[in-house]
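Colleague: Handing you a structure now.
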Amino acid sequence: MSGNSFGTLYCVTSFGESHGPAYGGVVDGCPPGMALTVADLQKELDRRKPGSSRHVTQRRESDTVEILSGIFEGKTTGTAIGFLIRNEDQRSKDYSAIAEKFRPGHADYTYWQKYGIRDPRGGGRASARETVIRVAAGAIAKKWLQERYGVRIRGYLAQLGPLEIKFKAWQDVQANPFFAPDNSRIEELEKFMDQLRESGDSCGARVNVIAEKVPVGWGEPVYGRLDADIAGAMMSINAVKGVEIGAGFSSITQKGSEHGDEMTPAGFLSNNNGGVLGGISTGQDVMVSIALKPTSSIRLPRRTIDAQGRAATVATTGRHDPCVGIRATPIAEGMLACVLMDHALRHRAQCGDVTPPTKPI
């Protein structure tokens, strides 16, 4: 299967299936000399792992990471960083009933049509569990970006189903299992999720991610635009169906006098363009928002077809996230970090010795 790698200079490759022995990843292109330990990756993986609250899948995985290569005496060597995360709590029997049926909204049907064979256990390669590799690779990128450029990447849950969550404080995001930026809303969110779970249904979500202190100049002007690569990376996350940069679709109703970010010697007066103009970073915060669809694996019976093309009904049992968006924040952060590190290295390679004629605002 092709399509298991992304990036140009900071390249990430993943392998594994949800109910296989392990997921593995290779990060190629990380510069040498950066201090890196298992703990740097594990702290990000712990934010994403399942079983962290009653509102997500109860699959019990420690997501313990093993670094296999690319580190010597606690520092990156510049060679490929290989790592492994073993699966520990598979229940393949939960999927025996759907082995010959296709779940509506899931990749079952498209994998079957494309490859003529599929692994139905936990979704196989299509499982969102694959995102452990993106989070681990993003942890490396986050650390390098922070140490080299002072870039800080953070995200939060902005909407859970019909419930919009206004941003209140970053400290609230780490204080609850929803990554919600307002702790006063947690009781409401928990009640909504308890009712949803009891009904056997699922819901979607919106996650916002912000990268602060991104230098001006990262990105390419036509192909390889920074915002295009960010959008592509975000769309590659399981269940993501929409991406906005800056004002996004709200720019449809804005006038040019409102949308264009005016400049003064002291800086930009707004950030409707989300920190990217002409495919190149402006030096402002890079602002991204993603929409995640409702989980496809639900208990409610739904119409479908089987592998012989006959009409059937399917209901999914087992352990599933009623809302995949709840655990999506560290995944989106990781993907943004990988794209930004890739572009930082590309910019350094071509334009590292350029001195702009005008001082950045």
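The values are calculated or read from the model by the stated rules, or taken from the named source; none is laboratory data. Worth saying up front: this structure is predicted, and the values here are computed from it rather than measured. As a convention, Cβ positions derive from the backbone with ideal geometry for all residues, glycine included, and neighbour counts pool all protein chains shown.
Colleague: Mind checking which pairs have a first residue in segment 187-210 that is closer than 15 Å to Lys166 by Cα and modelled with pLDDT of 95 or more and a second that is of a type in the set (Gly, Ala, Ser) and assigned to a helix (DSSP H, G or I), Cβ under 8 Å, 6 or more apart or different chains?
Modeller: Filtered contacts from segment 187-210: Ala205/Gly325; Arg206/Gly325; Val207/Gly325; Val207/Ala332; Val209/Ala332.
Colleague: Taking Arg327, is it at pLDDT below 95, of a type in the set (D, E, K, R) and in contact with a Gly (Cβ under 7 Å, 6 or more places away or on another chain)?
Modeller: Judged against the criteria, Arg327 is not a match.
Colleague: Name the residue that is nearest to the chain's Cα centre (by Cα), counting only residues in segment 338-361 that are among the aliphatic types (A, V, I, L, M) and over 30 Å from Asp108 (Cα atoms).
Modeller: Leu340
Colleague: Continuing with the same structure: Could you please give the count of residues in segment 120-153 that are outside any helix (DSSP H, G or I) and buried (at least 19 other Cβ atoms within 10 Å of the Cβ)?
Modeller: Residues in segment 120-153 being outside any helix (DSSP H, G or I) and buried (at least 19 other Cβ atoms within 10 Å of the Cβ): 4 in total.
Colleague: Could I ask something else about it? For segment 1-14, which positions are surrounded by fewer than 17 Cβ atoms within 10 Å (Cβ to Cβ) and not in a loop (DSSP other than H, G, I, E, B)?
Modeller: Residue satisfying the conditions is Ser5 alone.
Colleague: Suppose we filter Pro21, Pro50 for residues that are at pLDDT below 95 and surrounded by 14 or more Cβ atoms within 10 Å (Cβ to Cβ); which single one remains?
Modeller: Just one listed residue meets the conditions, Pro50.
Colleague: Say we look at segment 155-175 and pick out the residues that are surrounded by fewer than 21 Cβ atoms within 10 Å (Cβ to Cβ) and touching a strand residue (DSSP E or B) at 6+ places or on another chain (Cβ under 9 Å); which of these is nearest to Val207 (Cα to Cα)?
Modeller: Looking at the filtered set, the residue picked out is Gln159.
Colleague: Would you check which residues across segment 254-297 are under 26 Å from Val339 (Cβ atoms) and among the basic types (Lys, Arg) and list them?
Modeller: Lys293
Colleague: Continuing with this model, one more query. Tell me which residues, restricted to segment 316-347, are in a loop (DSSP other than H, G, I, E, B) and closer than 29 Å to Tyr149 by Cα.
Modeller: Scanning segment 316-347 gives a single hit, Ala328.
Colleague: Six or more apart or on different chains, Cβ atoms under 7 Å: show the pairs whose first residue is in segment 112-131 and under 27 Å from Pro50 (Cα atoms) and whose second is assigned to a helix (DSSP H, G or I) and aromatic (Phe, Trp, Tyr).
Modeller: Arg118/Tyr111; Arg118/Trp112; Pro120/Tyr95; Arg121/Tyr95; Gly122/Tyr95; Ala126/Tyr111
Colleague: May I pose another question? Just name the residue that is modelled with the highest pLDDT out of those in segment 101-155 that are of a type in the set (Asp, Glu) and over 14 Å from Leu45 (Cβ atoms).
Modeller: Glu147
Colleague: Determine whether Gln171 is outside any strand (DSSP E or B), without any contact (Cβ under 8 Å) to a residue 12 or more places away in the chain and either charged (D, E, K, R) or at negative phi (or both). It would help to see each step written out before you state the result.
Modeller: On the way: outside any strand (DSSP E or B): yes; without any contact (Cβ under 8 Å) to a residue 12 or more places away in the chain: yes; either charged (D, E, K, R) or at negative phi (or both): yes.
Yes; evaluated as a whole, the condition is true for this residue.
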